[in-house]
Amino acid sequence: EIINGKTIQSGDAVIGLASSGAHSNGYSLIRKIISKEKADFSGPFDGKTLKDIVMEPTKLYVKSILKLKDTIQIKGMAHITGGGITENIPRILGEDLMAEIQSSSWPLPKLFQWLQEKGNIPKMELYRTFNCGIGMAIVIDQKDVAKAKQILKESNETVYEIGVIRQREANEHSTRVI
C-alpha cells in the first residue's frame, strides 16, 4: 500500500510525533548562532550539554508508523526535514487543501527557543527552517485520533494533535502555523 496523500480531505486531523532535536537540518544557522554567541558547547543546556542537544541523532519512526499502519488508515505523512513544518506538510496535500497547525499544541523545545532568541529569528522563519519539536506529521481521519495516539504512545512516541486539514482559499499558503 502506497501512502500518497490522495485520500486526504478537509476535516482530517494532523498529528505530530516529537523530534529528538534538530534532525540534521538548519545546521548552518545553528553553527552561525553558536559562533556569534560564543556559546559554551560543553556547558549545561536543558539538563545536558549544548553539544549533546545539538548533536542528538535523528529519531527514526519506522517501527511506530508500521504499527500504526496495521491498525488505522494513514492518509499522508511528512517527515519534517529541511524546510521545516511550513514547507514539508504541503508536499502531501492536494492543491485545494491546506494544513492549519496550532503551534500551542506542543511545547517548543528549549533548543529552538534559544536559537530563536539568540538568532533573532522571526517565529514564521523558525517554522520554515526547523522541525520545532515535530519530526513527523501524520494525516488521519478525525475518528482515528484517539486510537492513533494510544498506539503511538504504546510505541514510546510522544504524540500531539497539532492541526487540521481544511479547504484552501485563493492566494492562501498551503500551511498556516497559528
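How many percent of DSSP beta bridges within the chain run antiparallel, rounded to 5?
Just about 90 percent of them are antiparallel.
In the structure shown, do any of K63/K110; K67/K118; K59/K147; K32/K149; K51/K143 have a Cα-Cα gap over 30 Å, and if so which?
Going by Cα-Cα distance, K67/K118; K32/K149; K51/K143 fall outside the 30 Å limit.
What net charge is computed for the residues neighbouring N120, neighbours being all others with C-beta under 14 Å from the C-beta of N120, Lys and Arg scored +1, Asp and Glu -1?
Net local charge, N120 excluded: +1.
Taking the chain as a Gaussian network, where each spring joins two C-alpha atoms under 10 Å apart, which residue of T158, T71, T81 fluctuates the most?
Residue with maximal mean-square fluctuation among T158, T71, T81: T71.
Go through W106, I121, T49 and say which Cα lies farthest out towards the positive end of the charge dipole of segment 1-121; charges sit on Cβ, +1 for Lys and Arg, -1 for Asp and Glu.
Result: T49.
Suppose every K and R has +1 on its Cβ and every D and E has -1 on its Cβ; what is the size of the dipole of the chain about the Cα centre, in Debye to the nearest 20?
400 debye
Which lysines, on any chain, are close to K6 with Cα under 18 Å apart, when same-chain ones fewer than 8 places away are left out?
Excluding near neighbours in sequence, the set is K69, K75.
What are the residues whose amide H is under 5 Å from the amide H of L97, where those residues sit 5 or more places off or on another chain and H is modelled from the backbone?
R168
Roughly speaking, what is the stretch gain from E117 to D52, that is 0.36 nm per residue apart minus the C-alpha to C-alpha distance, in nm to one decimal?
21.4 nm
Which residue, G94, G43, G21, has the most motion in a Gaussian network model of the chain that connects Cα atoms within less than 10 Å?
Between G94, G43, G21, it is G43 that shows the largest mean-square fluctuation.
May I ask which residue of I30, Q73, V62 lies farthest towards the positive end of the charge dipole of segment 24-178, with charges of +1 (Lys, Arg) and -1 (Asp, Glu) on Cβ and the Cα centre as origin?
Working it through, the farthest residue towards the positive pole turns out to be I30.
Is it possible to state the helix-based mean residue ellipticity at 222 nm for the chain, with each DSSP H run of 4+ residues giving -39500 (n - 2.57), the sum divided by total residues, to the nearest 500 deg cm²/dmol? What is it?
The helix contribution divided over the chain gives -8500 deg cm²/dmol.
When all alpha-carbon pairs of the chain are counted, what percent fall beyond 30 Å?
20 percent
With springs only between Cα atoms under 10 Å apart, run a GNM on the chain and tell me which of E161, E56, E100 wobbles the most.
Between E161, E56, E100, it is E56 that shows the largest mean-square fluctuation.
What percent do you get for the relative contact order of the chain when only Cα pairs under 8 Å and 6+ apart count?
This gives 42 percent for the chain.
Using only the alpha carbons of segment 45-125, determine the length spanned along each of the three principal axes and report them from longest to shortest in whole angstroms.
Sorted from largest, the Cα extents of segment 45-125 read 39, 31, 21 Å.
If you take every residue apart from Q9 with its C-beta less than 11 Å away from the C-beta of Q9, what net charge results, scoring Lys and Arg +1 and Asp and Glu -1?
Overall, the nearby charge balance is 0.
Let me spell out the model: positive unit charges on the Cβ of Lys and Arg, negative unit charges on the Cβ of Asp and Glu, origin at the Cα centre of segment 17-102. What dipole size does that give, in debye rounded to 20?
With only Lys, Arg, Asp and Glu charged at Cβ, the dipole is about 320 debye.
Read the figures in this text as sums done on the coordinates, not as results from a lab. Being a predicted model, the structure only gives us computed values, none of them experimental. Here the Cβ is made from the backbone with ideal geometry for all residues, glycine too, and neighbour counts use every protein chain on show.
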